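The values are calculated or read from the model by the stated rules, or taken from the named source; none is laboratory data. It should be emphasised that the depicted structure is a prediction, and the values quoted were computed from it without experimental measurement. When we count neighbours, we look across all protein chains shown, and the Cβ atoms used for this are built from the backbone with ideal geometry, even at glycine.
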Amino acid sequence: MAPVLEIEGLQKTYRSRRRGTRRALDGFDMVVEAGQVHGFLGPNGSGKTTTLRTLLGLIRPNGGRMAILGQEVPAALPTVAGQVGAIVESPQFFPHFTAQDTLSLLAGAGGVPQRRVAEVLELVGLRERARERVKAYSLGMKQRLAVASALLKDPKLLILDEPANGLDPGGIREMRSLMRDLASSGMTVVLSSHILGEVQLICDSVTIISLGRRVAAGPVAEVLAQHSGNGLRVRLEAVTDLPTAADLLTRSGAQVTPVEDHLLVYGVDKPATVTRTLAGADLYVSELAPVTVDLESVFLELTATAPVPGQHRQVDQSAVVGGQSGASSSDSTPGGWGV
Ligand SMILES: Nc1ncnc2c1ncn2[C@@H]1O[C@H](COP(=O)(O)OP(=O)(O)OP(=O)(O)O)[C@@H](O)[C@H]1O
């Protein structure tokens, strides 16, 4: 079966008189298989929104190819649009409309049966507040309404840019179970997020983008395993023996980093090498465990965005190409992608 989403070698360069030429996507690749919840991760300015907007036909790319549900886009967008629900950037709603009216209007415009309105209000937890005006909604309630609008047409592919934005912890948990339920019902969900602990809990697979290029992709467990580095955490019965142990292991060829009450040991062929080396010097191991990494540390390593003490990281990830281009920035189409 063809992947639900396929992007190959996507290029996007923004040109503007004032800001010059900036490369936002530099040969970006992404594949999402059916029925997955897929996390799309990257630092600020790395090209996530540009990718999603390009995919939805809101921006013209400079190169590469994209396919949704096996059909090349943007050419096939009129055919596949009915099967894609998306929220990219905060959608704007009429403040004086209620959620019920907003969704009824969108359903009417999109040829969706009105009974679906009640279904999606229930799904996102807004049923009891559906008859209040949107202007009285909190940020999290507006976010739920946005998700409801993207779900109206019961899409095969749901694309959400920062769906947990503004949600309280309970809301984040509800959004997590909603995403999982949608995926179990056969929907494919692509979500961009900066809440990496959440992504690790929700997502089956991830793509990490940095500087407009893919730097990691695959099932979450595989991405974590590839970056665990086969390290070992070593504790000894006596903390005072740690310097001696570090010295011994280093001399046997391992890379050793002392961390408070234990050692991180890399570059040994098997755990038994550590125990044998240390036992030979009457040093006894009280704990020997593989170093586990989380998505956040993999992300920080791959995107080189870990905080450095005393430095203020500058946010922009995209590369400036040459100087002022003189070309106009007319390649962006305004508008959203509701029903
Ligand atoms: N319309 C535009 N004109 C010029 N440059 C743009 C435009 N839109 C985005 N960019 C630039 O392209 C780069 C990628 O931006 P993009 O919005 O895709 O990043 P992002 O990964 O979604 O970031 P964030 O996590 O902050 O939402 C940034 O340097 C941004 O300033």
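Which residues, counting only those in segment 57-75, are more than 13 Å from the ligand (Cβ to nearest atom), surrounded by 15 or more Cβ atoms within 10 Å (Cβ to Cβ) and not in a strand (DSSP E or B)?
GLY57, LEU69, PRO74 - these are the residues of segment 57-75 that are more than 13 Å from the ligand (Cβ to nearest atom), surrounded by 15 or more Cβ atoms within 10 Å (Cβ to Cβ) and not in a strand (DSSP E or B).
Quick one: in segment 1-18, which of the residues that are surrounded by fewer than 16 Cβ atoms within 10 Å (Cβ to Cβ) and of a type in the set (A, V, I, L, M, F, W, C) is farthest from the ligand (Cβ to nearest atom)?
Let us first name the residues in segment 1-18 that are surrounded by fewer than 16 Cβ atoms within 10 Å (Cβ to Cβ), namely 1-2, 8-9, 17-18.
Narrowing further to those that are of a type in the set (A, V, I, L, M, F, W, C): 1-2.
Values: MET1: 29, ALA2: 26 Å.
Looking at residues that are surrounded by fewer than 16 Cβ atoms within 10 Å (Cβ to Cβ) and of a type in the set (A, V, I, L, M, F, W, C), I get MET1.
Would you check if ALA107 is assigned to a helix (DSSP H, G or I) and under 20 Å from ARG180 (Cβ atoms)?
Considered against the rule, which asks whether it is assigned to a helix (DSSP H, G or I) and under 20 Å from ARG180 (Cβ atoms), ALA107 comes out as no.
Tally up the residues in segment 84-103 that are surrounded by fewer than 17 Cβ atoms within 10 Å (Cβ to Cβ) and modelled with pLDDT of 90 or more, please.
4
ALA164 is checked against (1) hydrophobic (A, V, I, L, M, F, W, C); (2) touching a residue at least 40 places away in the same chain (Cβ under 8 Å); (3) surrounded by 20 or more Cβ atoms within 10 Å (Cβ to Cβ); (4) not in a helix (DSSP H, G or I) and fails just one. What number does that condition carry?
Among (1) hydrophobic (A, V, I, L, M, F, W, C); (2) touching a residue at least 40 places away in the same chain (Cβ under 8 Å); (3) surrounded by 20 or more Cβ atoms within 10 Å (Cβ to Cβ); (4) not in a helix (DSSP H, G or I), ALA164 violates only (2).
How about segment 108-128: which of its residues are within 29 Å of the chain's Cα centre (by Cα) and under 18 Å from PRO155 (Cβ atoms)?
Those that are within 29 Å of the chain's Cα centre (by Cα) and under 18 Å from PRO155 (Cβ atoms): GLY110, ARG116, VAL117, GLU119, VAL120, LEU121, GLU122, LEU123, VAL124.
Tell me, which residue of segment 172-194 that is buried (at least 18 other Cβ atoms within 10 Å of the Cβ) and under 19 Å from LYS48 (Cα atoms) is farthest from the chain's Cα centre (by Cα)?
Out of the qualifying residues, it is THR188.
Name the pairs whose Cβ atoms lie under 9 Å apart, with the first residue in segment 33-50 and hydrophobic (A, V, I, L, M, F, W, C), the second within 16 Å of the ligand (Cβ to nearest atom) and part of a loop (DSSP other than H, G, I, E, B), and 6 or more positions between them or separate chains?
PHE40/SER193; LEU41/SER193; LEU41/HIS194
What number of residues in segment 19-48 are within 25 Å of GLY186 (Cα to Cα) and crowded, with 19+ Cβ neighbours inside 10 Å?
Residues meeting the conditions: 9.
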